[in-house]
């Protein structure tokens, strides 16, 4: 699910999100694998980012799966099959088009996305709350 977290980060960056961070929650949480934290400079921007993420993940896309004959995962260099993943990536949360709370959460089961209006992010400081989680390096060019 790291690929999903990085894809979300790329979509957010394409919408000019600030301070995009991916946290590996494996060692500190049982309810998800990754957090994606990001900020926007206005309520309108955070709504646009949330909408862009939802739209991007709802589009059918060809996704690579790497499996061996025994069904075990292999390294990414040995892609054996490709499948459509349209139905796999749906948020459990719904966002209205004019959310004014300053904090939008998109729940993709293994990846939870927190989209903050900048002052709200500073107030709640989830990075500090989950400081035991490892930060994941986000590549400069993540393909969508």
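Cβ contacts < 6 Å: first residue touching a residue at least 60 places away in the same chain (Cβ under 8 Å) and on the phi < 0 side of the Ramachandran plot, restricted to segment 3-27; second residue surrounded by fewer than 23 Cβ atoms within 10 Å (Cβ to Cβ) and in a helix (DSSP H, G or I), any location; separation 6+ or different chain. Result?
So the pair list comes out as 11/52; 11/56; 20/13.
It is to be established whether one or more residues within segment 42-50 are touching a helix residue (DSSP H, G or I) at 6+ places or on another chain (Cβ under 6 Å), at pLDDT 95 or above and within 26 Å of residue 16 (Cβ to Cβ).
Yes, segment 42-50 has at least one match.
Somewhere in segment 20-32, is a residue touching a strand residue (DSSP E or B) at 6+ places or on another chain (Cβ under 7 Å), over 17 Å from residue 110 (Cα atoms) and either surrounded by 19 or more Cβ atoms within 10 Å (Cβ to Cβ) or modelled with pLDDT of 95 or more (or both)?
For segment 20-32, residues touching a strand residue (DSSP E or B) at 6+ places or on another chain (Cβ under 7 Å), over 17 Å from residue 110 (Cα atoms) and either surrounded by 19 or more Cβ atoms within 10 Å (Cβ to Cβ) or modelled with pLDDT of 95 or more (or both): present.
Among the residues of segment 52-60, is any over 22 Å from residue 22 (Cα atoms), in a loop (DSSP other than H, G, I, E, B) and either over 17 Å from the mean Cα position of the chain (by Cα) or modelled with pLDDT under 95 (or both)?
yes
When you go through 69, 94 one by one, which is the residue that is exposed (fewer than 14 other Cβ atoms within 10 Å of the Cβ), out of contact with any helix residue (DSSP H, G or I) (no Cβ under 8 Å at 6 or more places or on another chain), at pLDDT below 60 and assigned to a loop (DSSP other than H, G, I, E, B)?
Every option except 69 fails the conditions.
Determine whether residue 36 is part of a loop (DSSP other than H, G, I, E, B), surrounded by 13 or more Cβ atoms within 10 Å (Cβ to Cβ), modelled with pLDDT of 65 or more and within 15 Å of the chain's Cα centre (by Cα).
No.
Filter segment 117-130 down to the residues that are under 22 Å from residue 2 (Cβ atoms) and either surrounded by fewer than 11 Cβ atoms within 10 Å (Cβ to Cβ) or in contact with a helix residue (DSSP H, G or I) (Cβ under 8 Å, 6 or more places away or on another chain) (or both) and list them by number.
Looking only at segment 117-130, we keep the residues that are under 22 Å from residue 2 (Cβ atoms), and these are 126-127, 129-130.
Correct list: 129 only.
Considering only residues of segment 131-144 that are touching a residue at least 60 places away in the same chain (Cβ under 8 Å) and farther than 12 Å from residue 25 by Cα, which is surrounded by the fewest Cβ atoms within 10 Å (Cβ to Cβ)? Walk me through it before giving the result.
Taking segment 131-144 first, the residues touching a residue at least 60 places away in the same chain (Cβ under 8 Å) are 132-136, 138-139, 142-144.
Next, only the ones that are farther than 12 Å from residue 25 by Cα stay: 138-139, 142-144.
Numbers: 138: 16, 139: 10, 142: 16, 143: 8, 144: 13.
Applying the filter and picking the extreme gives 143.
The values are calculated or read from the model by the stated rules, or taken from the named source; none is laboratory data. Given the structure is predicted, the values throughout are model-derived calculations rather than measurements. Note that we place each Cβ from the backbone using ideal geometry, even for glycine, and neighbour counts take in every protein chain shown.
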